[in-house]
1. Quick check on Ala152: is it surrounded by 19 or more Cβ atoms within 10 Å (Cβ to Cβ), out of contact with any Cys (no Cβ under 6 Å at 6 or more places or on another chain) and at pLDDT 85 or above?
2. Would you check if Glu349 is farther than 20 Å from Glu96 by Cα and at pLDDT 90 or above?
3. With (1) among the polar types (S, T, N, Q); (2) more than 30 Å from Leu134 (Cα to Cα); (3) in contact with a Phe, Trp or Tyr (Cβ under 9 Å, 6 or more places away or on another chain) as the list, and Thr478 as the residue in question, which single condition is left unmet?
4. Examine the range 157-174 for a residue that is over 16 Å from Thr462 (Cβ atoms), outside any loop (DSSP other than H, G, I, E, B), at pLDDT 90 or above and within 20 Å of the chain's Cα centre (by Cα), and state whether such a residue exists.
5. Among the residues of the range 225-236, what is the count of those that are outside any loop (DSSP other than H, G, I, E, B) and surrounded by fewer than 15 Cβ atoms within 10 Å (Cβ to Cβ)?
6. Just the residues that are among the charged types (D, E, K, R) and outside any loop (DSSP other than H, G, I, E, B), please, taken from the range 438-465.
7. Name the helices (runs of 4 or more DSSP H) wholly inside the range 323-416 in which the number of residues that are surrounded by fewer than 19 Cβ atoms within 10 Å (Cβ to Cβ) is 2 or more.
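The values are calculated or read from the model by the stated rules, or taken from the named source; none is laboratory data. Only a predicted model underlies this, so the values are computations on that prediction, with no experimental measurement involved. No Cβ is skipped: glycine too gets one built from the backbone with ideal geometry, and neighbour counts run over all protein chains shown.
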Amino acid sequence: MLTLLVLIAVILWLVWEQCRIWSVERRSGQPASRHRALPLLGHAHLLLGSDADRMKILEAVGREAIEKGGVVATWLGRSFYTTLRCAVTSDAAVAELVLRRCLAKTAVSDILRHLCGNGTVSAPVNIWRLRRKLITPMFSTRHLRNSFATFARKSAEMSERMRPAAGNGVISIAKYLSTYTLESVCESILGESNEKKRDEFLCAFEEYCRIAVLRMSNPLLAVEAVFKLHPAFTTYYRSIRIMWDFIDEIINTKKVLGKNKNVSASEDINQPKSFMELLMCASGARGAGASGCAARVPSTTELREEMLVLALAGGDTSTVAASFACCLLAQQPHVQERLYNELLEVLGERKAIELEDLTKLKYMEAVINESLRLYPPVPSILRKVLKDITLPSGVKLLEGTGVCINVWCLHRNPLYWGPDADIFNPDRFLDNVKHHPHAFIPFGSGPRNCIGYRYAMMSMKTVVATLLRSYRFLPPPTSGDTNEIFSLKFDIMLRDLEGFKLQLESRHV
């Protein structure tokens with residue numbers, strides 16, 4: 001009898017849940033996705049496959065949104081999500097509206113807080129505002145100029161390390177670029193680097209990303225009590241601890257040195273400082289007159305949170321973006337030679353890149369932007385609606401709704417980029433044709449955009465220019481059509497399953 005009552009209660013609850021879903025969809029006016037939603041899981045079951053499967057679903061739902069006028073409704077577990085696709089101009093304005101008004105992150109992003117805590121990428125809005133205000137001065141033009149010296153030196157060192165690989169078959173360019181970016185980040189952001197621990201940090205980050213995506217895509221694993229039963233539980237938190245220890249050791253060393261030298265923000269103005277040192281100095285200089293974390297030197301935990309955000313976002317994003325750009329150049333020899341000729345014109349006989357050169361490399365910027373358009377490192381942006389929003393089309397984004405802006409499909413929307421939207425063509429960014437400002441958002445947009453986008457662009461331009469000055473990129477022997485050179489996966493960032501393979505040929509410069 002008890003079993004029967006429980007069964008009836010479960011059935012009634014499932015019916016009530018389905019009615020609730022229909023009610024929300026009806027009130028919002030959003031067309032439901034053609035993909036089947038299961039009880040309890042919703043559409044989350046579509047994300048339970050491999051990293052490559054998740055990428056295919058992301059693209060499929062984005063394409064479906066184009067067909068249905070720009071908005072399609074999906075469910076993850078018991079949470080209602082809206083997948084936005086800017087299929088018409090008014091929907092491009094919707095993306096702008098969401099990124100400007102909706103600053104809160106969704107529950108899915110809470111998993112990032114296991115690693116970054118209240119760092120700016122995952123913090124609640126009230127904490128994010130204070131942290132953002134504190135960090136913004138670190139990315140001034142003067143401080144970015146100091147970072148360039150690191151980029152130029154580290155890219156030159158990497159170029160020399162790659163010399164034995166030239167003419168010796170297929171390599172993974174991402175392995176070299178990840179070392180370059182992590183070395184650059186450790187020096188410019190953290191202020192020092194231990195090579196052995198740096199390698200441990202990189203391995204730990206890769207493990208963390210792999211498991212974090214599993215949790216983000218599986219509503220059951222998002223529950224801590226359930227995740228404790230999963231085989232990856234120990235590896236997940238061990239990876240986080242390795243990264244924490246790496247950052248904490250550097251922070252504590254800097255704090256001791258800072259106390260011994262009694263350095264203030266106004267002293268040693270000509271001496272380049274790492275972002276961590278700048279943050280510690282600026283915080284200490286503000287004194288008790290400031291509010292929140294700006295009223296004192298941040299704690300080790302607060303510094304660790306922000307340094308992890310800057311190190312991982314700045315480093316990994318640059319690695320992925322530069323890797324895509326290099327592989328695309330390998331597939332497009334005419335684009336590569338045009339870019340190389342621009343380098344010869346700007347640099348002349350010089351091999352070393354100077355800061356002033358970067359603004360002159362117009363075609364370089366177009367190439368990198370086109371690579372970012374086709375392969376944005378972060379292919380989706382999640383936000384939470386805290387107050388009902390009625391779109392120009394009449395569709396409503398209801399309070400509590402999660403919004404997924406599908407950057408991958410937004411960047412490939414034929415309405416904005418033409419019928420050849422899937423084709424690599426850097427001239428799009430040189431033809432003076434004005435696109436909707438939110439048709440291209442590789443670093444996000446609005447108040448909560450990526451604060452380090454200039455840092456990342458400077459790093460990418462420097463390293464690609466340095467490599468092209470010495471090497472010619474060639475495709476792997478088995479490579480096919482340009483549109484199919486990557487086997488894509490999505491594990492927090494967009495990546496190539498094959499490891500970004502290409503061949504190098506020395507230019508003998």
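1. Yes; evaluated as a whole, the condition is true for this residue.
2. No, not satisfied.
3. (3)
4. Scanning the range 157-174 turns up at least one residue that is over 16 Å from Thr462 (Cβ atoms), outside any loop (DSSP other than H, G, I, E, B), at pLDDT 90 or above and within 20 Å of the chain's Cα centre (by Cα).
5. Of the range 225-236, the ones outside any loop (DSSP other than H, G, I, E, B) are 225-227, 233-236.
Subsequent filtering for residues that are surrounded by fewer than 15 Cβ atoms within 10 Å (Cβ to Cβ) retains 225-226, 234.
So the count comes out to 3.
6. Let us first name the residues in the range 438-465 that are among the charged types (D, E, K, R), namely 448, 454, 461.
Scanning the range 438-465 gives Arg454, Lys461.
7. Answer list for the range 323-416: 333-347, 355-360, 362-374.
Conditions (1) under 13 Å from Met493 (Cβ atoms); (2) modelled with pLDDT of 95 or more, marked per residue:
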position	(1), (2)
Glu305	no, no
Ala311	no, no
Gly314	yes, no
Ser318	yes, no
Cys326	no, yes
Glu337	no, yes
